[in-house]
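First the structure, in the form of structure tokens, and then the observations on it.
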Amino acid sequence: MQKTTNSTATATKIMGVLNVTPDSFSDGGRYFDHDRAVAHGLELMATGADIIDVGGESTRPGSARVDEAEELRRVVPVVRDLAAAGAVISVDTMRASVARDSLAAGAHIINDVSAGQSDPTMLSVAAETGAPIVLMHWRGYLDQASATFHYEDVVAEVIGELRTRIDEAIAVGVKPENIIVDPGLGFSKNAEHNWQLLAALNEFAALDHRLLVAASRKRFIASLISPDDPKLAQQAAKDQATATISAISAQAGAWAVRVHDPATSAIACKVIAAVAEAGEEGA
Ligand code: PMM
């Protein structure tokens, strides 16, 4: 069919995960060395990532906090080299100093899983620099989180708590258009909570900020694939499930999905964009 109108549909962006850590959920240890980290960042770009999310601290339950100097040492040189290679970079950190130095080294976006709750100066760094910031739903460090793991209505509570974070960011001077929201799948949430949040992505999109969804290879996916022993779930199966969630996220209007395997999710998001475009042309 001939294209008659310019499409307003934009494909959901792919944020590729680059954990420069010895101990992250699924790729801990693999890209801990600087050169391997940079090489993997370039590979993520080559396989479909629009943004590289560089992190130097694992958020795995029970993992000890990395000290500030070590986090800076892990993250900033990798950000600098990938930015020099033309990458769009988000920096996955709960520390304002790491965010600030990474932005100075060429990063574009702050990704704070604590939504400004871990470091009281994080939101002002976002306000002062004008950098977009991901505000993820977070109820504390995962080893402290069991006490705050109860929800009467997970969707309403996560949205309500995110609204509080949004209001605080705006009060500190972050522009609404620079706020990206994230339901925080797997953070103080069990599998049932995660599926309920995914069933309600439209409500997150309706918050009127960009939406990021980060389900990739998380435990609730592994438990779906291999309920008796999630550790036995194959990587390819987890990436297939992740790509399906990327499609659901794209359909709900997500701005980006954060994934370990860009290729599978990029195809899923392209399919959804093609269907959206065809729908617009047919309208
Ligand atoms: N999850 C992890 C790390 N960073 N950032 C955002 N915005 N949202 C997330 O859900 C998120 C994140 C943990 O996953 P990993 O260890 O596989 O990177």
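Checking Phe204, Phe187 one by one, the residue that is closer than 17 Å to Trp138 by Cα, touching a Leu at 6+ places or on another chain (Cβ under 8 Å), not aliphatic (A, V, I, L, M) and not in a loop (DSSP other than H, G, I, E, B) is Phe204 and no other.
Among the residues making up segment 250-283, those that are small (Gly, Ala, Ser), assigned to a helix (DSSP H, G or I) and under 9 Å from Thr12 (Cα atoms) are Ala250, Ala266, Ala273. Beta carbons closer than 7 Å, at least 6 apart along the sequence or on distinct chains, pair a first residue in segment 199-216 that is more than 16 Å from Val113 (Cα to Cα) with a second that is among the small types (Gly, Ala, Ser) and part of a helix (DSSP H, G or I) for Leu201/Ser249. Considering Ala247, Ala236, Ala171, the condition of being touching a Cys at 6+ places or on another chain (Cβ under 9 Å) and either in a helix (DSSP H, G or I) or not aliphatic (A, V, I, L, M) (or both) is satisfied by Ala247 alone. Residues of segment 198-223 being within 13 Å of the ligand (Cβ to nearest atom) and over 17 Å from Ala256 (Cβ atoms), which ones? Residues satisfying the conditions are Arg219, Phe220, Ile221, Ala222.
Let's see how each residue does on (1) under 17 Å from Val259 (Cβ atoms); (2) part of a strand (DSSP E or B); (3) at pLDDT 95 or above; (4) of a type outside the set (D, E, K, R):
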| site | (1), (2), (3), (4) |
| --- | --- |
| Ala49 | yes, no, yes, yes |
| Ile52 | yes, yes, yes, yes |
| Thr59 | yes, no, no, yes |
| Ser63 | no, no, no, yes |
| Ala69 | no, no, yes, yes |
| Leu72 | no, no, yes, yes |
| Val75 | no, no, yes, yes |
| Val79 | no, no, yes, yes |
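Within segment 178-193, one or more residues are modelled with pLDDT of 95 or more, touching a helix residue (DSSP H, G or I) at 6+ places or on another chain (Cβ under 9 Å), surrounded by 15 or more Cβ atoms within 10 Å (Cβ to Cβ) and on the phi > 0 side of the Ramachandran plot.
Taking the conditions (1) surrounded by fewer than 17 Cβ atoms within 10 Å (Cβ to Cβ); (2) at pLDDT 95 or above in turn, Ala147 satisfies each one other than (2). For segment 224-233, the set of residues classified as surrounded by 14 or more Cβ atoms within 10 Å (Cβ to Cβ), part of a helix (DSSP H, G or I) and not hydrophobic (A, V, I, L, M, F, W, C) consists of Pro230 only.
Applying a threshold of 9 Å to beta carbon distances and a minimum spacing of six or more residues, or different chains, the list of pairs starting in segment 13-42 at a residue that is modelled with pLDDT under 95 and ending at one that is assigned to a strand (DSSP E or B) and charged (D, E, K, R) reads Asn19/Asp53; Asn19/Asp92. The condition of being in contact (Cβ under 8 Å) with a residue 40 or more places away in the chain and not hydroxyl-bearing (Ser, Thr, Tyr) holds for Val154.
The values are calculated or read from the model by the stated rules, or taken from the named source; none is laboratory data. What you are looking at is a predicted structure, and each value in this text was computed from that prediction instead of being measured. Heads up, the Cβs are rebuilt from the backbone with ideal geometry, glycines too, and the neighbour counts pull from every protein chain shown.
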